[in-house]
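The values are calculated or read from the model by the stated rules, or taken from the named source; none is laboratory data. None of these values were measured; they are calculated from a predicted model. Cβ sites come from the backbone with ideal geometry, for glycine too, and all protein chains shown count toward neighbours. Note: accessible area is taken over every heavy atom of the protein model, side chains too, but ligands, DNA and RNA are not part of it. Shrake-Rupley method; radii C 1.70, N 1.55, O 1.52, S 1.80 Å.
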Amino acid sequence: MTDTVDVLIIGAGASGAAVAWSLAETKMRIVCLEQGDWMNPAAYPASGRDWEARQLGDFAINPNRRARAADYPINEDNSPIKVGNFNAVGGSTILYAGHFPRFHPSDFRVRSLDGVADDWPLDYATLEPFYAENDRVMGVSGLAGDPAYPPHEATMPPLPLGRSGRILARGMNAMGWHWWPSDSAIASTDYEGRAGCINLAHCTSGCAQGAKASTDITYWPQAIRAGVELRTRCRVREITTNAEGMASGVVYYDAEGVERFQAAEVVILACNGIGTPRILLNSASGRFPRGLANTSDQVGRNLMFHPYAAIHGYFDEETDGYRGPGNCIWSQEFYESDPSRGFLRGYTFEFVRGQGAVMAAVQGMQTGRLPWGAAHHAAYRKLHAHRTGMVAICEDLPEAHNRVTLDPVLKDGHGIPAPKLHYTLSENSRRMLDHAVARGSEILRAAGARDIATEAPIQSNGVHLMGTARMGTNPERSVVNEWGRSHDVRNLFIVDGSIFVTSAGLNPTRTIQALALYIADQMKRRLSTLFD
Amino acid sequence: MASDDAAPGPGLTDAARHALRQVAAMMIPASAEYRVPGADDELVFADMLRSTGRDTAAIARALADLDARAGGSFAGLDAARREAVAGEWRAAASPDFILLQRLVLQCYYRDDRVMRSLDMEPRPPFPKGHVVEQGDWSLLDPVRKRARMWRDAP
């Protein structure tokens, strides 16, 4: 047994990094356990000719395919949407695209405004200063003045519009619909020691340039300089409790596979919407037979993914193709609820530039656009650098039957039970996807597309993991309170996407981090009464 | 060239390699018009054999399936029969076949000669990067004139 630490954080990704950075100023002894390792940007795929192949191998977004030592398996047989994540210092920010929208005020009042799901126990105004603080640390490229949002500033100019953006903006203007430069956690200029984007087209397998704001190069260097200890290749098996029903520490396996115990005064979970319920359920004990913090039976329930639709067009004119960050522009024309559309809530269109030479061929073959034989070459040249389009991110409403449990058989490399997903697509989501495919196709036709390809839902894009330990003021219907503390265990906090009450129809990382900073701020304000 | 970190299984047999090369040639033949080699080119094929990595077993299964469809040996068929059997095999689109097809495409479309024929520099993206034009931001003017779209929340 090692000395008791003041704060033990599990997970060094988007939220774990932010909460560590914020709490560091307290000068408490803070340790973070991360099951993955530091990444070496010089070894990212962009440095090699096989960069596209590695996106489907050791940098695949699906952990079952990737199967690195840091990964744990996930039984996703009962889910039409498969998981995307990454396990390392920086977590899934290593692989995320860097799309960085904020929630809207309405996203925190879903029950009040639209009569479904639940309201959050906090609001946009409460999080606003923490969005701003997070923006300063991560760095956000964008353009102030988006009519879809309350006013907020960008820290850098927007990413370039490019050829693809020009084509798509032309289509949006023809339809008379909203679009705007995407807020992106990608430095469009040099920023805080990070070099500006050089258009590697490579954001989703680690940014070799360091332009994308993964937390291994933003929060963590600052947190470590401020005294936080980060232990890598340390996989937590369970959180232990004492006779008072308080968390006493964690059992974990270190880099050599040796079982260790780390005592702690406070435990913070930052393991995402699947990793966090997995640890809580694996921490079942005589005191907490349903799993830790699970008196409400809400741990693992209400899993939300964001069903995605993909709508791409092929154009006679050349697109950005393999050049540039994927991020470009977005549209929230269909974001706020309109019952006449046949579904509740809405979605964001995020427009993407193109794809690499290999993926153009792979998708061309898979969709029947690219033949074998002598006709292959001419057909390929109509696809390569002639494709652009969008994805639609649909708000996924919470449903109790969509959940994470423990698999009775499947285990990770340390023998720890793996998570098992149970997820079905709701009728509301199906209608929203259909609407997005129809509207997206209209946009592409208006922009001049000669051929349109769609996929809904995108099977491989379960990259947003939310809702499985939701926050609320009612202990019978939520896992943590309005400032992230477990209702059941007063020195246990959760700061990742699992505490989301609803998902909004956009990427969650900016809100996950703002919430983590907010919870850290609440902890600092309440230090003398933290466990009351 | 491959840097897959998963340990490969046993390599392909000589017969499987031969069949893979025949399939690659059928998939992407050489073209004088575009000045590109076929996917069965010596350098491209050598890259394939180095790059099977974690998918070696799946690719071997796909090729065994092809042989089974051919009644024993795909390589032993005449050209017309090969075409027919490969067509059936392709239409079945098994997960193993998808991985094999992907291997061929991954190696072909990173070949120097092929990249040059597509007006691409034969190099990795980093550190040189690419140029993306800033674009015409005046396209945003009509959107700037829009009224606010977000809702107040109680």
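Accessible surface ranking for A:S337, A:S141, 1.4 angstrom probe, highest first: A:S337, A:S141.
For the peptide A:143-154, the mean number of other protein chain Cβ atoms found within 10 angstrom of a residue's Cβ is 3. Residues of the range B:120-143 whose accessible area, computed with a 1.4 Å probe over protein heavy atoms, drops by at least 40 Å² once all protein chains are present relative to their chain alone are B:M120, B:P124, B:P125, B:F126, B:H130, B:V132, B:E133, B:Q134, B:W137, B:L139, B:L140, B:V143.
Taking every protein chain into account, the accessible area of the range A:128-213 amounts to 29 square angstrom per residue (probe 1.4 Å).
Return one quarter of the surface area of the convex hull spanned by the alpha-carbon atoms of the range A:97-255, equal to its mean projected area, in nm².
Computed as one quarter of the Cα hull surface, the answer is 14.5 nm².
The amide H of A:A201, built 1.01 Å from its N in the peptide plane, has A:G324 as neighbours under 5 Å, considering only residues 5 or more places off or on other chains. Shielding value for A:365-374 is 4, the average number of Cβ atoms from other chains within 10 Å of each residue's Cβ. Residues whose amide H comes within less than 5 Å of that of A:L406, counting only those at least five positions distant or on another chain, are A:K420 (H built at 1.01 Å from N in the peptide plane).
Find the lysine pairs in chain A meeting two conditions, Cα atoms under 23 Å apart and a separation of 8 or more places or different chains, and report how many there are.
Working: A:K27/A:K524; A:K82/A:K411; A:K82/A:K420; A:K411/A:K420.
So the count of such lysine pairs works out to 4.
Chain B contacts chain A over a buried accessible area of about 5900 Å², both sides summed; the probe is 1.4 Å and only protein chains count. Sorted from longest to shortest, the spans of the Cα atoms of the range B:14-122 along the three principal axes equal 43, 32, 25 Å.
Centroid-to-centroid, using Cα positions, the range B:100-154 and the range A:284-327 are 23 Å apart.
The helix-only estimate of mean residue ellipticity at 222 nm for the protein assembly as shown, built from DSSP H runs of length n ≥ 4 each weighted as -39500 (n - 2.57), is -9000 deg cm²/dmol after division by the residue total. Placing unit charges on the Cβ atoms only, positive for Lys and Arg and negative for Asp and Glu, gives chain A a dipole magnitude near 880 debye about its Cα centre.
With the whole protein complex present, A:C197 retains an accessible surface near 40 Å², based on a 1.4 Å probe.
A:V391: net charge of surrounding residues, Cβ under 11 Å, Lys/Arg +1, Asp/Glu -1, itself excluded? All intermediate terms of the calculation are to be shown ahead of the outcome.
On the way: positive: none; negative: A:E350, A:E455.
Charge balance near A:V391 sits at -2.
Across every direction, the projection of the convex hull enclosing the Cα atoms of the protein assembly as shown has a mean area of 29.0 nm². The order of A:R231, A:R163 by accessible area, most exposed first and with a 1.4 Å probe, is A:R163, A:R231. Of the solvent-accessible surface of the range B:14-122, computed with a 1.4 Å probe and all protein chains present, 50% belongs to carbon and sulfur. What the Cβ-Cβ distance of A:L527 and B:A64 gives, at R0 = 56 Å and to the nearest 0.05, is a FRET efficiency of 0.30.
Amide H to amide H, with H built 1.01 Å from N, A:T240 comes under 5 Å of A:S248, A:G249, A:V250, A:V251, counting only residues 5 or more places away or on other chains. The chymotrypsin sites (Phe, Trp or Tyr not before Pro) found in the range A:427-501 include none that occupy coil by DSSP while having at most 10 further C-beta atoms within 10 Å. For the protein assembly as shown, DSSP calls about 70 percent of its internal beta bridges antiparallel. Residue-wise HN-Hα couplings along the range A:340-356, as the Karplus relation 6.51 cos²θ - 1.76 cosθ + 1.60 with θ = phi - 60° gives them from phi, are 5, 7, x, 8, 9, 6, x, 8, 10, 8, 10, 8, 10, 7, x, 7, x Hz; Gly and Pro carry x.
Ranked by the mean number of other Cβ atoms within 10 Å per residue, highest first, peptides A:200-211, A:58-69 order as A:200-211, A:58-69. In the range A:321-468, what percent of the accessible surface is made up of carbon and sulfur (1.4 Å probe, ligands and nucleic acids excluded)? The C+S portion of the solvent-accessible surface of the range A:321-468 is 51 percent.
Take A:E476: with every protein chain present and a 1.4 Å probe, its accessible area is about 140 Å². For peptide A:159-170, what's the mean number of Cβ atoms from other chains within 10 Å of each residue's Cβ? That works out to 4 on average. Entry for the range A:102-141 at q = 0.18, 0.29, 0.31, 0.33 Å⁻¹: log10 I(q)/I(0) = -0.55, -0.92, -0.99, -1.06, Debye formula applied to identical alpha-carbon scatterers, no solvent contribution. Over all pairs of different C-alpha atoms, the range A:234-312 has a mean inverse distance whose reciprocal, the Kirkwood radius, equals 14.1 Å.
Between B:I98 and A:D407, what FRET efficiency follows from the Cβ-Cβ distance if R0 is 25 Å, with the result rounded to 0.05? It would help to have the intermediate numbers written out before the result.
Numbers: r = 26 Å, r/R0 = 1.04.
Plugging the Cβ-Cβ distance into 1/(1 + (r/R0)^6) gives 0.45.
Stretching the chain fully between A:D297 and A:V258 yields a gain of 10.8 nm (0.36 nm per residue, less the alpha carbon separation). Sorted on the mean count of surrounding Cβ atoms within 10 Å across their residues, most packed first, peptides A:387-396, A:18-27 read A:387-396, A:18-27. Placing dummy labels 7 Å off each Cα toward the beta-carbon, the span from B:D14 to A:A379 is 3.5 nm.
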